[in-house]
Structure formats: structure tokens, C-alpha cells
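Every number here is computed from the coordinates shown, using simple stated rules; none is lab data. The structure displayed is predicted, hence computed values, not measured ones. A quick note on method: Cβ atoms are made from the backbone with ideal geometry, for glycine too, and the neighbour counts reach across all protein chains shown.
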């Protein structure tokens, strides 16, 4: 079994512990997979790394025109329903303060075998007195609920 020394951690490891790299003499990366994964994790935690990963997930955000179009789309949504931004901020602050757990920590309230995907907070009503009354739904159930129902609209009486 041939060994290679990782230039990051200095350990000698078998070749299967290194990623392939056609541009190097031995055809392997200089860092072992463990060091490479740790480096990627730290990079993705930086502002630049998060932006790059977001652009990978959503190709519209990869170009300046795409970012401008997405920003305009979001602004149109919040100009049409300004209370939704406010409600989202209130729920986000409640999660950060520990008053409620993130939606991902709750099971889908529909609880059937078709549940899958990311869990999201759902409001049956946008009346101000109901802003903290939320339930977790998986993305597919959330979409299905909105196709067949309409939440109570914010009345704006005490805004």
C-alpha cells in the first residue's frame, strides 16, 4: 500500500484518503480528505463562502443581472404584502431568542408518509394577534395548503 504525506496535517495516509487531481504529478490532492473537508467547512462559514454556496444553489444569483432581478422580485413581494416581512422577522427573532425552536426541529404537522424536504413555519392567519401562532409544515405540505386555502389577511388595525 502506497502512502502519501498530507501537506496540511503532516500525516502519511493511503492514496484512497486523498481526492484525485489530474494536474499534480502523482494525480492526488496535496491535502487529505479530512483536511480538505475541514478547510471547506471553514470557508463556507465566511461571508464570501456563503455567497458562493448560495450562488451554486440558485444560479440566478450567480450574475449581477440575476441578483438584481431576484432583489426586484423580493421587493415586489414585500411591497405587495409588507406585513409578511415583519412577521418573518418576528419569528426569526423568536427563534434566535430561544422562544421557539427552528422549524427544522419540529415534525411536519400533517405527519403522513409523503412528508419530505425542508420544514417551514406556516401561518394560518396573518392577523397581528396570530403572528406567533405558527406550525411547522414540510415544503410539499406547505405548498399544498396554500393551493387549497387562503390565510386570513393582515388587517393593519394596530400596526
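Below is a table of values for the structure above.
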| quantity | calculated |
| --- | --- |
| The chain: angle of helix 139-148 to the longest principal axis, Cα-based, in degrees nearest 10 | 20 degrees |
| Largest to smallest principal axis extent of the C-alpha atoms in the stretch 3-45, angstrom | 31, 22, 15 |
| 5 Å-binned pair-distance histogram of the chain (Cα, whole percent) | 1, 7, 10, 11, 13, 14, 10, 8, 7, 7, 5, 3, 2, 0, 0 |
| Euclidean distance between Cα centres, the stretch 125-149 to the stretch 30-89, Å | 24 Å |
| Cα long-axis angle, helix 47-57 against the chain (0 to 90 degrees, to the nearest 10) | 80 degrees |
| Within a Gaussian network of the chain (alpha carbon springs, distance under 10 Å), most fluctuating of 70, 11, 120 | 11 |
| The stretch 100-159 - percent relative contact order, Cα under 8 Å, separation 6 or more | 36 percent |
| Per-peptide average of other Cβ atoms within 10 Å, ordering 100-106, 110-116 highest first | 100-106, 110-116 |
| Mean residue ellipticity (222 nm) of the chain, computed from DSSP H runs ≥ 4 via -39,500 (n - 2.57), nearest 500 | -13000 deg cm²/dmol |
